[in-house]
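Everything below concerns the one structure shown next.
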Amino acid sequence: MGAVYLSDSDINSIIKNYVNSLDGQSSLEKNGLTLSGYSELEMTALAEELLNDIINAYFGILKETKKYFNVDAVKIGNARKLKNGWKLIISFPDKILSRKSLNRVDGKGFINEAGVYDIFGLFTQGYTARKPVYGYWWDNEANDGERETGLVKSLTHRAANPFIINAVNEFRNRHPGIEVTLPSGWVL
């Protein structure tokens, strides 16, 4: 009686061909899996984990002792099945990424009416200003948005900080095969 020996590469090739076939796709789908190996429920849990990693990375770079971010406003969309896996969108609304500008010392409005559009992008990209400005920083946790902190002097330089991509890379190391796409301003 003869024997058939299969190498690791032979077995991997057979498995790959099967999961890419219609029968293989159907079998995976019946079991709630995709080529990523994660179920819809697992992908949603992973999205929540990534969200927490990003928020914790943001808190890690703040110098303030009182750290606040309206995590409840961040939305994790429904998992959408793709050919080779799942797609989930974690949505950070503009309102929670924006920050008001310093209030003028003389009380006549804001130093910059627009404020900051994307605090994550600002901290990621860094900035250089010609000179510092002085004013009162608005406490974003206040329900009415009107509570002020003490007088502050703005920074004239903030170095670029890859805090988000570092958090994402750590996440990818824990969960190989998960693809994460970030807004361009959050990547150096």
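The values are calculated or read from the model by the stated rules, or taken from the named source; none is laboratory data. Because the structure is a prediction, the values reported are computed rather than measured. Don't worry about glycine lacking a Cβ; one is built from the backbone with ideal geometry, like all the others, and counts go over all protein chains shown.
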> Which of the residues that make up region 166-178 are over 17 Å from Gly60 (Cβ atoms), of a type outside the set (A, V, I, L, M, F, W, C) and in contact (Cβ under 8 Å) with a residue 40 or more places away in the chain?
Replying inline: His175, Gly177
> What are the residue pairs meeting all of these: first residue in region 86-98, first residue among the basic types (Lys, Arg), second residue outside any loop (DSSP other than H, G, I, E, B) and surrounded by 14 or more Cβ atoms within 10 Å (Cβ to Cβ), Cβ atoms under 6 Å, and 6 or more apart or on different chains?
Replying inline: none
> When you scan region 99-156, how many residues do you find that are polar (S, T, N, Q), assigned to a loop (DSSP other than H, G, I, E, B), under 27 Å from Val74 (Cα atoms) and modelled with pLDDT of 70 or more?
Replying inline: 2
>> Name the single residue that is surrounded by the most Cβ atoms within 10 Å (Cβ to Cβ) among those in region 69-82 being without any contact (Cβ under 8 Å) to a residue 12 or more places away in the chain and under 26 Å from Leu22 (Cβ atoms).
In response: Arg80
> Could you list, in sequence order, the residues of region 157-179 that are on the phi < 0 side of the Ramachandran plot and modelled with pLDDT under 90?
Replying inline: His175, Pro176, Ile178, Glu179
